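One structure is given below, encoded as structure tokens.
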Amino acid sequence: MHKRIVRENFSRAAKSYGRYAVIQKKVLEEILRRLQLIKNPHPLLDLGCGTAEGMKSYSNSFGIDISFEMCRKAKENLNFVACADGEKLPFKEESFKAVISSFSLQWMNVELVAEEIYRVLEEGGFFISAVPVKGSLEELFITWQKAFLETRGKKDVLFQFPDENKVFKTIKENFEIIEASRKEYTLLPERVEEAVKFVTKIGAKNPHRPPLPLKSTVKRFKELFSQNCVIKYKVLFLTAKKV
């Protein structure tokens, strides 16, 4: 995965993110419900904050994101924002009482991020995360691969969501798991073009290569995907404690 491509994809989507991040907003609401169970969670870090929409009630928090344009938008909602890599957090040891991460760990090396979160959390601090795992966007990926194979004679290199068991095991190695659950979120857009926007317009484009001239592939994809136009995510929720 190329971080530069990830950074550029999300920067280009900063203006449209708020309109199309429908599922992402619902997931953040679920994280904040869990956060409310923690008495005085400040200092609080939102890791991979994006535009930080939905965080206004926690405006006195810290946010980081790898995308400069996302950080620019996040400053409208958070008082402290830094453009940084989640695998190399720019904070001292035990800087935070709580860290949250919603729909961002899938873009990083989970093992490295877990170590960094552990480092910046104070003893007894909490980490609350929501990670889309393998099986997410399955219908879209299968359809795209079929269209790509038919029109280009080979398979595309697509993004791989992390394995649920591997994420759970990695977090468990660093923290005490307090709560774990998985939920599915589904959108049923009427048109293929609109369905695709719920992915691309939030910045979640292919991180393995720049865009290619794929008019024939896109045309075939639309024909196939119109038969089963669904956007579905499988999301792993974890609440963990540093002990």
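Here are a few things to note about the model shown:
For (1) under 18 Å from the mean Cα position of the chain (by Cα); (2) surrounded by 14 or more Cβ atoms within 10 Å (Cβ to Cβ); (3) modelled with pLDDT of 95 or more, each residue gets a yes or a no:
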residue: ILE128; (1), (2), (3): yes, yes, yes
residue: PRO132; (1), (2), (3): yes, yes, yes
residue: GLY135; (1), (2), (3): yes, yes, yes
residue: LYS146; (1), (2), (3): no, yes, yes
residue: LEU158; (1), (2), (3): yes, yes, no
residue: ASN174; (1), (2), (3): no, yes, no
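- Count of region 205-233 residues, restricted to those that are outside any helix (DSSP H, G or I), in contact (Cβ under 8 Å) with a residue 24 or more places away in the chain and either touching a Phe, Trp or Tyr at 6+ places or on another chain (Cβ under 8 Å) or farther than 19 Å from PRO189 by Cβ (or both), is 9.
- Pick from region 160-171, criterion assigned to a helix (DSSP H, G or I) and of a type in the set (D, E, K, R), ranking: surrounded by the most Cβ atoms within 10 Å (Cβ to Cβ): GLU164
- When the residues of region 1-35 are filtered to those that are buried (at least 18 other Cβ atoms within 10 Å of the Cβ) and β-branched (Val, Ile, Thr), the one that is modelled with the lowest pLDDT is VAL6.
- Single residue of region 38-74 satisfying the filter (of a type in the set (Val, Ile, Thr) and assigned to a loop (DSSP other than H, G, I, E, B)) that is surrounded by the fewest Cβ atoms within 10 Å (Cβ to Cβ): ILE38
- A search for C-beta distances below 6 Å between a residue of region 57-70 that is at positive phi and any residue that is surrounded by fewer than 24 Cβ atoms within 10 Å (Cβ to Cβ), counting only pairs 6+ apart in sequence or on different chains, returns nothing.
- Apart from one condition, SER59 fits all of (1) closer than 24 Å to ALA204 by Cβ; (2) at pLDDT below 95; the exception is (1).
- Reported count of residues in region 183-204, each being touching a residue at least 40 places away in the same chain (Cβ under 8 Å) and over 26 Å from ILE66 (Cα atoms), is 6.
- Among residues of region 189-243 being loosely packed, with under 14 Cβ neighbours inside 10 Å and among the hydrophobic types (A, V, I, L, M, F, W, C), the one that is farthest from SER102 (Cα to Cα) is LEU212.
The values are calculated or read from the model by the stated rules, or taken from the named source; none is laboratory data. Predicted model only: the values in this text are computed from it and were never measured. We place every Cβ from the backbone using ideal geometry, glycine too, and count neighbours over all the protein chains shown.
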